[in-house]
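The block underneath contains the structure these notes are about, expressed in structure tokens.
The values are calculated or read from the model by the stated rules, or taken from the named source; none is laboratory data. It should be emphasised that the depicted structure is a prediction, and the values quoted were computed from it without experimental measurement. Glycine gets a Cβ as well: all are built from the backbone with ideal geometry, and neighbour counts include every protein chain shown. Keep in mind that these areas ignore ligands, DNA and RNA; they rest on the heavy atoms of the full protein, side chains included. Shrake-Rupley method; radii C 1.70, N 1.55, O 1.52, S 1.80 Å.
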Amino acid sequence: MLAPKPPLHLLIAAPRGFCAGVDRAIRIVELALERYGAPVYVRHEIVHNKYVVDTLKAQGAIFVAELDDVPDGVPVVFSAHGVPKAVPAKAAERGLDFLDATCPLVSKVHRQAERLVEAGRHILFIGHAGHPEVIGTFGQVPEGRMTLIETAEDAERVMPADPHNLSFLTQTTLSVDDTAEMIRVLERRFPDIKGPRGEDICYATSNRQAAVKDIARTCDFVLVIGSTKSSNSLRLVEVSEREGVPARLIARATDIDLAWLEGVRTLGLTAGASAPETLVREVVDFLADHFEITESEGEGVVERMVFKLPRGLEAAA
């Protein structure tokens, strides 16, 4: 006779998973494959999720590190994180057909950076060094017109040449709380600093962090589905831990160590903005093999954001 499975209440965050920008980027690759046929090249991972990338590879997408890796005469898609201005310019010089899958909210930050620099301001950019979105945003303006701020300590130490002619912008996938702290430091040190008209941290990042805060209040442990490359997914782990609840980032169900769940009665589950719902259900099914599951969902905001496709693909869609 089989021993009874231990009970586990699974509290699933809402909203979670794909955001409008990720949906749009993936759809652009799929429609490019329909329009042009395979192969379609993609500069960098279209979004930071191995499952998504592997699925698109199986359909005929080829992911490359740089534009130089794209042969002549084939279409290329730029990732959702955005690219420096030099990349589409070089693609145009080579006569490549290219599609820009940059999230419109990232593009909005790009345009803000251009306008601020045109107005003669120096930009203090809050973000993570080396992240593709940061590289892309810095690549919108001449070198030396932006300074990267990664921590509150950076905000305390930065010494701009003209402290009365500053602006700040932020990466779209940051910790809401950490970013607010850095902005407070900058505004205290530089009272004349100019911020963006609206929040740069995207709605999906903010909503998913709020949803984790909500479920963490009643959870013993939280699992976050996402990539180690995904800034917004890493932030969800940090949010849970700040609420006093241990959390782990997993790529998919096979990463789960059941030892983590010893003594856990209520388990929180969420997914970063580039992780598909398929992986959420995979985790639920895995847990159901080992526990007697009861499942409920958090009460977060309902997201209805939809972004238009680039011209030329709208008709194909």
| note | The longest stretch of the chain containing none of the GluC sites (Glu not before Pro) that sit in a DSSP loop with at most 12 other Cβ atoms within 10 Å is 144-261
| query | Let a ≥ b ≥ c be the square roots of the eigenvalues of the Cα gyration tensor of region 47-86; is it rounded (a/c under 1.5), or, if not, prolate (a/b larger than b/c) or oblate? | reply | oblate
| Environment charge at S175 (Cβ cut-off 12 Å; Lys +1, Arg +1, Asp -1, Glu -1) | -2
| query | Rolling a 1.4 angstrom probe over the protein heavy atoms, how many square angstrom per residue are accessible across region 113-186? | reply | 43 Å²
| task | Specify the inter-centroid distance of region 15-31 and region 259-275, based on alpha-carbon positions, in whole Å. | result | 24 Å
| message | At most 10 other C-beta atoms within 10 Å and a DSSP loop state: those are the exposed trypsin sites (Lys or Arg not before Pro) I care about. Give me the longest piece of the chain that has none. | response | 1-196
| said: Please compute, over every Cα-Cα pair in the chain, the percentage with a separation greater than 35 angstrom. | reply: 28 percent
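Please report the net charge: other residues with Cβ closer than 15 Å to the Cβ of L116, K and R +1, D and E -1. Mind showing how you got there, number by number?
Details: positive: K108, R111, R115, R121, R145, K194, R197; negative: E114, E118, D162, D192, D200.
Result for the neighbourhood of L116: +2.
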| request: Before anything else, pin down the relative contact order of the chain: Cα pairs under 8 Å, at least 6 apart, normalised by residue count, whole percent. | output: 26 percent
| said: Taking every alpha carbon pair in region 117-272, what does the distance histogram look like in 10 angstrom bins from 0, in percent? | reply: 10, 35, 28, 17, 8, 1
| Tell me, how many Å apart are the Cα centres for region 104-141 and for region 151-205? | 13 Å
| Expected 222 nm ellipticity per residue - DSSP helices of 4 or more, -39500 (n - 2.57), all of the chain, to 500 | -11500 deg cm²/dmol
| Highest-MSF residue in the chain out of I62, I250, I293 [GNM, Cα springs under 10 Å] | I293
| request: Quick one: compute the contact order of region 1-148, relative version, from alpha carbon pairs under 8 angstrom and 6+ residues apart, as a percent. | output: 21 percent
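In debye, nearest 20: dipole of the chain around its Cα centre with unit charges on the Cβ of K, R (+) and D, E (-)?
Charge dipole of the chain: 720 debye, to the nearest 20.
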